[in-house]
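*Asks:* Pasting in a structure now, in structure tokens, and then I'll have a few things to ask.
The values are calculated or read from the model by the stated rules, or taken from the named source; none is laboratory data. Keep in mind that this is a model prediction, so the values were computed, not measured. Cβ placement follows ideal geometry from the backbone for every residue including glycine, while neighbour counts extend to all protein chains displayed. These area figures cover heavy atoms from the full protein model, side chains too; ligands, DNA and RNA do not enter into them. Shrake-Rupley method; radii C 1.70, N 1.55, O 1.52, S 1.80 Å.
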Amino acid sequence: MFRKVLVANRGEIAVRVIRALRELGIQSVAVYSEVDATSPHVWLADEAVPIGPAEPLESYLNIGRLIEAAHRTGAEAIHPGYGFLAENAAFARACVSSGIVFIGPPPEAIERLGDKAQARGLAASLGVPTVPGTDRPVEDTEALELAHRIGFPVLLKAAGGGGGKGMRVVHRPTDLPQALSLARREAYAAFGSNAILLERYIPRPRHVEVQILADAHGHVVHLGERECTIQRRYQKVIEEAPSVAVDDGLRTRLGEAAVRIARAAGYVNAGTVEFLLDPQGHFYFLEVNTRLQVEHPVTELVTGVDLVQAQVRIAAGEPLRIRQEDVRLRGHAVEARVYAEDPEREFAPSAGRILGLWEPHLPGVRVDSGIQAGQQIPLHYDPILAKVIAWGPDRPSALARLHEALDAYVVLGPRTNLSFLRDVLSHPAFLAGEVSTEFLHEAFGGWHRRPPGPEVVAIAAALLSQPTPTVPTPPAADFVDPWDRLGGRRLP
């Protein structure tokens, strides 16, 4: 097992990984940009290293600085979290060539599955249903002809990445040139590649994904599915496990398809195979995320498997501790993502200092948070602040617990989507499980927040009556740090 691991990320996922490392008895190294010097992940880790200015290309996306930080601290492995370099084959290869273990799949698997065209071709070769479309990036000169052959409406998809970047639905041939230009521009900005695929657009689908674990000894298991249908512009907002649209038979077929793809790609570590379900219940391969997903906690709560610890154990060469027949889904879990954004202003990111913070502590509720009172929220990164996850013996009880937790969650300072989340959870169609990926657009277009309830007002008033906490800054290089006596060290 590793003695020390560097966490190449920030925010709630860095906190999550650091806590998993601590439970395994592994020392952790945090990295931070200039604007993150007072973030919780910096102070939670055993060591912390500054890696540059706020701009991601100069800090969290700077492979050289991350490798240097690992060597400087003696870290034997790097956990990338999600986002940033988590699905970057060049980063994984740089780790390996530097004698550092990358806690994720091999670079070859990232390249093969991270490229949507290659992943789609692999799935089709294994008999896994795929949405009709192109198996290679399209040129501008042939796009219209291919779109007519596929049939409108068509979906433009970035070949080199996910997360909704570089995606456009085109309903009319006359709209294709402009949509293709915009998709290419967005894809290049996000992934450094303007390659675009064409697919037939499936109206009103559900988005379901399967969690897999694979070790270096040839063992692959799936841990059931997650429902990720509640999304806005292809960005997930609320996720749950299991899916209300998946019965035992479909769950088996989805899991078997995911495992076949993982085996064929030589996959090792944690990953997610994503599918679309059409209104008739047919499933189609969508893509593979070669990393830990934001929504991994709902799978952890219904299976009892710590996915982050499993990632670390697999990277250290250990065989999987579970077999497929050991996997049992227990109860229901739902996750809501708390963002620093304003839903009343087209979900614009919201920066600023957190003047007060009250996070819920309730039975059956887990909060994966990366914030603290007094912290400055920057605009340079993804606006996710925390995730609230609730478990219950069934879906109604899990939803009730999540709603109660969001009612008690207070963030003063930046605007958040908390009120929006509460309204989504209360919608009759969501409660009935009768949703599609168009649900938020159809049901919440032009949404406006309602006045907060009396409990929230009381908590906010109490928080505002207290002085804003002063968040400490990392000490100077010549400062004798009392953390040394507590087992925590800070590096200049």
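*Asks:* Apply the Karplus parameterisation 6.51 cos²θ - 1.76 cosθ + 1.60, with θ equal to phi minus 60°, to every residue of region 396-402 and state each ³J(HN,Hα) to the nearest whole Hz, in sequence, with x for glycine and proline.
*Replies:* Values per residue, Gly and Pro as x: x, 5, 5, 5, 5, 5, 5 Hz.
*Asks:* Related question: In what sequence, largest accessible area first, do Asp215, Asp326 appear using a 1.4 Å probe?
*Replies:* Most to least solvent-accessible, the answer reads Asp326, Asp215.
*Asks:* How big is the gap, in Å, between the Cα center of region 351-388 and the Cα center of region 89-117?
*Replies:* Here the answer is 31 Å between Cα centres.
*Asks:* Continuing with this model, one more query. I'd like to compare 202-209, 145-152: which one has the highest average count of other Cβ atoms within 10 Å, and what's the full order after that?
*Replies:* 202-209, 145-152
*Asks:* Go through region 165-178 residue by residue and turn each phi into a ³J(HN,Hα) via Karplus (6.51, -1.76, 1.60, θ = phi - 60°); whole Hz please, and just put x for glycine and proline.
*Replies:* For region 165-178, the Karplus curve yields 6, x, 10, 8, 9, 10, 9, 10, x, 5, 8, 5, x, 5 Hz.
*Asks:* Let me ask something else. With charges only on Cβ, +1 for K and R and -1 for D and E, what is the dipole size of region 68-146 about its Cα centre, in debye, rounded to 20?
*Replies:* 360
*Asks:* For the chain, give me the percentage of DSSP beta bridges that are antiparallel, rounded to the nearest 5 percent.
*Replies:* 80
*Asks:* Would any residue of region 149-178 have its amide N under 15 Å from a label point 7 Å out along Cα→Cβ of Glu142? List them or say none.
*Replies:* 149-150
*Asks:* Per residue, how big is the convex hull around the C-alpha atoms of region 102-259? Give it to me in cubic angstrom, could you?
*Replies:* Output value, Cα hull per residue: 135 Å³.
*Asks:* Right, another one. Please report the relative contact order for region 239-327, taking Cα pairs under 8 Å with a sequence separation of at least 6, and give it as a percent rounded to a whole number.
*Replies:* With pairs under 8 Å counted, the relative contact order is 25 percent.
*Asks:* Nearest 20 debye, what's the magnitude of the dipole of the chain about its Cα centre given +1 on Lys and Arg Cβ and -1 on Asp and Glu Cβ?
*Replies:* 200
*Asks:* Using a 1.4 angstrom probe and counting only protein chains, how large is the accessible area of Phe84 in Å², to 10?
*Replies:* The value for Phe84 is about 70 Å².
*Asks:* So what's the convex hull volume per residue for the Cα atoms of the chain, in Å³?
*Replies:* Taking the convex hull of the Cα positions in the chain, it is 145 Å³ per residue.
*Asks:* Now, a different point. Report the FRET efficiency, 1/(1 + (r/R0)^6), for Ser397 and Arg450, where r is their Cβ-Cβ distance and R0 is 25 Å, rounded to 0.05.
*Replies:* The pair Ser397/Arg450 has a calculated efficiency of 0.55.
*Asks:* Under 12 Å from the Cβ of Ala265, count the other residues' Cβ atoms, weight Lys and Arg +1, Asp and Glu -1, and hand me the total.
*Replies:* The answer is 0.
*Asks:* With a sphere of radius 12 Å drawn around the Cβ of Arg204, what net charge do the other residues whose Cβ falls strictly inside it have (Lys, Arg +1; Asp, Glu -1)?
*Replies:* -3
*Asks:* Give me the percent of accessible area attributable to carbon and sulfur for region 334-461, probe 1.4 angstrom.
*Replies:* 57
*Asks:* Please report the projected area of region 303-367's Cα convex hull averaged over all directions, in nm².
*Replies:* Its average projected convex-hull area is 8.1 nm².
*Asks:* Let me ask you something else. Name the shape class, rounded, prolate or oblate, that the alpha-carbon gyration tensor gives for region 196-329, where a ≥ b ≥ c are the square roots of its eigenvalues, rounded holds for a/c under 1.5, and otherwise prolate holds if a/b is larger than b/c and oblate otherwise.
*Replies:* prolate
*Asks:* Among Gln27, Ser39, Met1, whose Cα projects farthest towards the positive end of the dipole of region 1-40, with charges put on the beta-carbon of Lys, Arg (+1) and Asp, Glu (-1)?
*Replies:* Met1
*Asks:* Considering the alpha-carbon set of region 229-300 alone, what are its Rg and its Dmax in angstrom?
*Replies:* 12.6, 33
*Asks:* Counting alpha carbon pairs within less than 8 Å and at least 6 residues apart, what relative contact order, in whole percent, applies to the chain?
*Replies:* Relative CO of the chain lands at 15 percent.
*Asks:* Assigning unit charges at the beta carbon (Lys, Arg +1; Asp, Glu -1) and nothing else, what dipole magnitude in debye, to the nearest 20, does region 118-171 show about its Cα centre?
*Replies:* Once rounded to the nearest 20, the dipole reads 260 debye.
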